[in-house]
1. Ranked highest first by average number of other Cβ atoms within 10 Å, how do 86-95, 303-312 line up?
2. Rounded to the nearest 0.05, what FRET efficiency is calculated for H289 and T506 with R0 set to 51 Å and r the Cβ-Cβ distance?
3. Based on the Cα gyration tensor of the chain, what are the three equivalent ellipsoid semi-axes, each the root of five times an eigenvalue, rounded to whole Å and given largest first?
4. What number, in percent, do you get for the relative contact order of the chain if the mean sequence gap of Cα pairs under 8 Å and at least 6 apart is divided by its residue count?
5. Please list, in chain and number order, the residues 5+ apart from I151 or on another chain whose amide H is under 5 Å from its amide H, with Hs placed from the backbone.
6. Fully extended, how many nm does the chain gain between K395 and Q499 (0.36 nm per residue separation, minus their Cα-Cα distance)?
7. For the stretch 424-533, what is Rg from Cα atoms divided by 2.2 N^0.38 Å, rounded to two decimals?
8. For the chain, what is the mean residue ellipticity at 222 nm derived from helices alone (per DSSP H run of n ≥ 4: -39500 (n - 2.57); sum divided by total residues; nearest 500 deg cm²/dmol)?
Amino acid sequence: MTTRTPSHAPLGYWLLVLHAHLPFVRHPEHEEFLEEDWLYEAMLETYIPLLEVYEGLVRDGIAFAATMSLTPPLCEMLADPLLQRRFSRCLGNLERLARAELKRTKGTPYEPCAVFYDQWLRKARATFERWHHNLVAGFRHFQDLGALEVITCTATHCILPFCVTKEAAQAQVRIGARNYEKHFGRAPRGIWLGECAYSDGVEEVLKDAGIRYFFMDTHGVVFGEPRPRYANFAPVYCRNGVAAFARDMESSKQVWSSEVGYPGDPWYREFYRDVGFDADEEYIRPFLHKDGRRRNLGIKYHRVTGRVPLNDKQLYDPAVARERAAEHAGNFLFNRQHQVRYLNGLMGERPPLIVSPYDAELYGHWWFEGPWFIDFLFRKMACDQQEIRAVTAPKYLFLQPVNQVVQPAPSTWGDKGYFEVWLNGGNDWIYRHLHHAEECMVDLVRRFKDTGPLIDRALNQAARELVLAQSSDWAFIMTTGTMVPYAEKRTRDHVHNFQGLYMQLTENRLEEKWLAQLEARNNIFAEMDYHAYL
């Protein structure tokens, strides 16, 4: 099929970035584990629907350009056979619930919505099977077609400015880049820095790993030295030639804002009303975990309605919600057209670039209609206008290779724009342990020059335990107050495992049985090479 592409040069460009990340959660020692549901929910509600959107656009010959950061922990989980089997089991449980709901709601106002969920789950199952249970293969397919730009991340979403040694920062990027090559068959061109966390010198670590560009929050570029001529509407080069792209706040607010953002529309699905809590206890128990505790299952019959109590939420209508997604896509495009017209008048011959990064899980998981919104937006952008065109970072740099050299400012995309979400009185206790472990890891790599297979395994597992402990998710959870005991336990466990390996290595008393247990439980990065710390 012929691809529909605009023929005229646009007034400006739009760069969509969907940041897909979850911490590495895999517990083979338990048949069921609550925190593993984070992955299964994201697969069903975000990653599978996004693949379906991409499939539909390609099928219909609609040209589109999107960027996704698929972090190494997420790729490792999506490609893991155990987690694939468990997701299939989870999906099967929901399919059985949907069939039961068809019977329970027959002849009631809820029946049309129950029919929708039954069809939605069947479609999700077909997509999961079509990619042979490995969704990474689906995203790789669309990258190979040239429609999707997949970028990597620090190995475990680590905040690079918090690394006390250059070797540990380099290892986070090198391990992430190598994992990307394993899953996507080529070296990464771009990177999503964990939490968009930047400080002076990060660009040197990126260049060392062959990274050409990264993304920042607005103030990271706008407050750079010298002040960028085009603010955040054009990339800048760091002094070593690595490009930095900055977030546009206007387009972010339209989607992110809880007050004026699209997801708050009264006709969209209400996230916090779920059949797992609404249904009769005896009826719903077979579909819960074995502990019998009520939880969100993913079938939701109510809409946002407005600022009313949960009990007053009205019935959800997927057809109306889909129409609203189309209207909001048109509104978003209209606003971007207005924005590029205004900026084009200020920037002269330089076409402005609007960078819109979001957590991928917003689209589908938190905002159920989000994938529909993206689908409509790309279709309208390709067919209804010629003023603005979707683009990826490498394509824009190819079109506009001359950019200002700027030293970016320290920044993150977290609350207040700096680092206090991940470094405050509630989580600062972790860093003395992480910093000590970094220094010990560097010591191990320098100390063990001539090694055998067993020592190599221990050194590689020590590196795994260290990078898992460095995940920014644990500090984030401690701040937000959700699942804090789990985050604290994960941090302590990985630090404990690392210190145990360090002591056994330095005292020449490796316990192979314990090492094998760690390798089986924390099996991220089978390709791990501790020489990344050299």
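1. 86-95, 303-312
2. FRET efficiency, H289 to T506: 0.75.
3. 37, 33, 20
4. Once normalised by length, the contact order is 22 percent.
5. Here M68, S69, L70 satisfy the definition.
6. Computed gain between K395 and Q499 is 32.9 nm.
7. For the stretch 424-533, the normalised Cα radius of gyration is 1.09.
8. When only DSSP H runs of four or more count, the value is -15000 deg cm²/dmol.
Just so you know, all these numbers are worked out from the coordinates, no wet-lab data involved. Model, not experiment: these values are computed from the prediction. Counting neighbours? That spans all protein chains shown, and the Cβs are built from the backbone with ideal geometry, glycine included.
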